[in-house]
Each structure stands twice: as structure tokens, then as C-alpha cells.
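One structure is given below, encoded as C-alpha cells.
The values are calculated or read from the model by the stated rules, or taken from the named source; none is laboratory data. On a predicted model such as this, the values are computed, not experimentally measured, just so you know. Please note: Cβ atoms are built from the backbone with ideal geometry, for glycine as well, and neighbour counts cover all protein chains shown. Areas reflect the complete protein model, heavy atoms only, side chains present, ligands, DNA and RNA absent. Shrake-Rupley method; radii C 1.70, N 1.55, O 1.52, S 1.80 Å.
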Amino acid sequence: MHVVSANAGPGKVVAPSVLESHGSVRPLAAEDLESVAALFLTKFRQRRRHLLDRAIAETADYMREIYLDPAGQSGASNALVQVNRQGRLGGFLGVLKARYELNGAALNAAIIGPLMADAGTDDGSAGPQLLRALHQGEFDLQLTDSANRTSLAFARPMKYQLLPVHCLGWTCIFRPAAMAAAALHRKWPGLPRLALDPCARAFDALAKRRFELPVQASSSQRVHSEPITSAQFAERLPTLLSDYSLRPSWKDGELPRLLALAAEKRADGPLHFGGTYDETGKMLGCYAFYGQAGDIASLLQIQASGSHWRATLDGLIAAAWDMGCVGITGQPQSRFMPQLFGYKNLFFRYAGGTMVRSRIAEVTEAVRAGDIFIGGVMGDRWTRLSSDDFGR
């Protein structure tokens, strides 16, 4: 959830049924997409003028796919727009619907994505107004794993619970100079690789001993990791979540469809899946990450059973190393933080606020106890809106 104010230029005139003193809120409609896409690109992406129209069209098409046409959804969109007193678009709140369960009881969840206000039309009320409308809706809990600091400032007084560990990001460095070069290429795609890559290779050759593969031998030589398919990952992941009281409840092929959407993300390379197995062939853990040779791998999801977190993390890191990635980044969970501490050349940083809100006391208690599965596929960082460069 990112709160922004941006001048998106003239927006379309819309016709809400009722206008309050600060405007009104209604579900996102197809005719809003172009204006919402322009607002998004104004703040989150820099565009040359000749690429802007193409970027707006591509962003609008993607927003249609995830907010208006999600498989199995009927009725109005869960995403919301705020319409100001003049009848123009004032703000937008991206919302993805999900299902959770708490000790077997079904819950409707709202995964909050971009939260934006147009500085040219908003008087400061759009963000709070959009969130209040969401809170008054059908959802039993609202969650986000991508809140910026502005979001934290006004969401926490609305009784959102912050999950500090999930707000961090971790980075494991394989080749420091190549990783720095890859980060520069991401920020400035026009930089010629020939200018940086030879120097990076020379430095990393000198630092090779310091930055060896950070994976240690498994405590059991009979445990091994291997690539798996998206279907295998979707089949196994839910069974690895059984020890969470508050966990997602995927039905009717929802998880395979979500993974197919996640695979559309382009910024971090193709999506890969792996599993950790014992000598009998039983899967002990699984992981999904984006990655390609010469670039920084990005963890989407990792999950393990019982005491097998370290072996699963080892499999993930070894897979990224063998692929030729220069490092790997990910979002931690409290359950594998002790194992992360055991790796050298691994660093933590603030990556984005993870927060949950619910009026149900049992949900609030489960969140307070850390007994919730959140982040990864139960967030919005898997969407193209989190990182992709539209219109190129």
C-alpha cells in the first residue's frame, strides 16, 4: 500500500450517485482505468513523453486484468476510486480479494495495493476516505505488505497492527560488484553494460574467497533440493501452512491462477520453483523466486515444515547461485529469522510496512501472536505494479 499525491493531469469526469462534502467513493469501473493508470505512472514511473501513451494503455490493461476481471469474481470490483466534489477522479485504492480461514472459520480478506491521490484535485481527504470505505465493506480483515511511511502514519491510528519482522527485506550477496552493477542497470537501463561489467568481474574475482557460496552442508545428507513445476508448488504449499491458525484458503484453482499472474511479472526475470525432499521423496519445503543469470534474484515465497527451514533456504540460495544470479533478496518471516542469521554476507533493511486490521478479536490475537501467513502470494508484491516498467 503506497500513499502518494501526484498531479496526473486532467482526469475524466465521472458521475457518482452521491457526492459527499469531500467527494464520494465507489468501485473501480472500466471507464476509470485510463485516468487511474496515468495517476499511477505519474508518481511511480518516469516516462519519456513519446512512451507515455503506450505505458498508460499497458498499465490500464493490466489493472483491468487484476482488478476488474479476476477469475471467479462476479459483481463490482473490489478496487475503489474516490470522486471529488467536481466529479473528477481524486484517488484510487487497489484491492485484491482473498480468502483466509481461522481455525476452520472462513474469512474474507482484502489485500491492499496502491493507494494514490491526485494532488491537483485532492484536499487531503482521499486516502482516509478510501480506507474508511474499505473498512465498512464486506471484508473480515484488511492487510498489506507494501505500505510506505506515509501509509504507516495514518493507517496505524485506524487500528492496523504492524508486523515488524515482515517489514524488513534481506539481501544475500554472491558477487558484490556485479550486484552493484545490476542495481545500476535496473535504475538506468540505458547504461552500457560494457562500461561496468568488466570492472565488476575483476573486483569479484579478487573478492571470490570472501563471497563464496553461503550454503553449508545439510545436517542430513539425505535431504536434497530440486526444481519443481508451478503445479507441484501449488499442490504442496497449502499443506505446509497447516500449523498457522490464520492462513489462506485457496479453492477451485485459485492458487494456480495466482501463480500464473505472478509469472507475468518481468522486472526480476522468470519465475522458478523448487522443493526440498527427504530420502523417501516427501517434500519438506518449497520456494518460488524470480531470477536470471547476471541479475539479482527475488524471492516470491518460501515455506517449510518443522525443522526444515535451513535445508529449504539452502536449496533456494544454491538454486539462485547455480543459475548465475549475483545475489538474492527476499521478505523474512519470523519462523525462519534464526536460520537467516546463520548466513554470511546477508543484510537487512526496511522494505515496506506489513500491516493487518480486523474487527474480529480472534484475528487480532492471532496477528499479535505472529500466527498468520502473510506476504509473498498473500500480498501485492507479486503484481507487475510493484516493479515492472510499463510501456517499454
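Is it the case that some residue within segment 88-100 is of a type in the set (A, V, I, L, M, F, W, C), within 22 Å of TRP382 (Cα to Cα), surrounded by fewer than 23 Cβ atoms within 10 Å (Cβ to Cβ) and at pLDDT 90 or above? Yes, there is a match, as at least one residue in segment 88-100 is of a type in the set (A, V, I, L, M, F, W, C), within 22 Å of TRP382 (Cα to Cα), surrounded by fewer than 23 Cβ atoms within 10 Å (Cβ to Cβ) and at pLDDT 90 or above. Answer yes if at least one residue in segment 355-378 is in a strand (DSSP E or B), charged (D, E, K, R) and at pLDDT 95 or above, and no otherwise. Yes: segment 355-378 contains one or more residues that are in a strand (DSSP E or B), charged (D, E, K, R) and at pLDDT 95 or above. Say whether the condition of being closer than 25 Å to ILE302 by Cβ, under 16 Å from the mean Cα position of the chain (by Cα) and assigned to a helix (DSSP H, G or I) is met by at least one residue in segment 143-165. Yes, that holds for at least one residue.
For segment 368-392, a residue qualifies if it is farther than 30 Å from PRO176 by Cα and either in contact with an Asp or Glu (Cβ under 6 Å, 6 or more places away or on another chain) or surrounded by fewer than 23 Cβ atoms within 10 Å (Cβ to Cβ) (or both), and the qualifying residues are ARG368, ALA369, GLY370, ASP371, PHE373, MET378, GLY391.
Residue-by-condition table, conditions (1) modelled with pLDDT of 85 or more; (2) open to solvent by less than 10 Å² (accessible area, probe 1.4 Å); (3) basic (Lys, Arg); (4) part of a helix (DSSP H, G or I):
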| site | (1), (2), (3), (4) |
| --- | --- |
| SER17 | no, no, no, no |
| HIS50 | no, no, no, yes |
| GLU65 | yes, no, no, yes |
| GLN86 | no, no, no, no |
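Taking the numbered list (1) free of Cβ contacts under 8 Å to residues at least 40 places away in the same chain; (2) assigned to a loop (DSSP other than H, G, I, E, B); (3) of a type outside the set (Val, Ile, Thr) in turn, ASP389 passes all entries but (1). Pairs are defined by a Cβ separation below 6 Å, a sequence spacing of at least 6 or placement on different chains, a first member in segment 160-182 that is among the polar types (S, T, N, Q), and a second member that is at pLDDT 90 or above; the pairs so defined are GLN161/VAL356; GLN161/VAL367; THR171/THR329; THR171/PHE347.
Of the residues VAL356, VAL363, the single one that is open to solvent by less than 10 Å² (accessible area, probe 1.4 Å) and in contact with a helix residue (DSSP H, G or I) (Cβ under 6 Å, 6 or more places away or on another chain) is VAL356. Looking only at residues in segment 163-200 that are open to solvent by 80 Å² or more (accessible area, probe 1.4 Å) and more than 21 Å from LYS344 (Cα to Cα), the one that is modelled with the highest pLDDT is PRO164. Look at segment 132-154: where a residue is over 17 Å from ARG381 (Cβ atoms) and aromatic (Phe, Trp, Tyr) and a partner is open to solvent by 30 Å² or more (accessible area, probe 1.4 Å) and not in a helix (DSSP H, G or I), sitting 6+ places away or on another chain with Cβ atoms under 6 Å, you get PHE139/ASN108. Of the residues making up segment 67-84, those that are exposed (fewer than 15 other Cβ atoms within 10 Å of the Cβ) and more than 15 Å from LEU258 (Cβ to Cβ) are SER74, GLY75, ALA76. Would you confirm, using the coordinates I've provided, whether SER298 is on the phi < 0 side of the Ramachandran plot, modelled with pLDDT under 95 and not aliphatic (A, V, I, L, M)? No: the conditions fail for SER298.
Return yes when THR171 is of a type in the set (Ser, Thr, Tyr) and under 23 Å from LEU33 (Cβ atoms) and no when it is not. It is false that THR171 is of a type in the set (Ser, Thr, Tyr) and under 23 Å from LEU33 (Cβ atoms).
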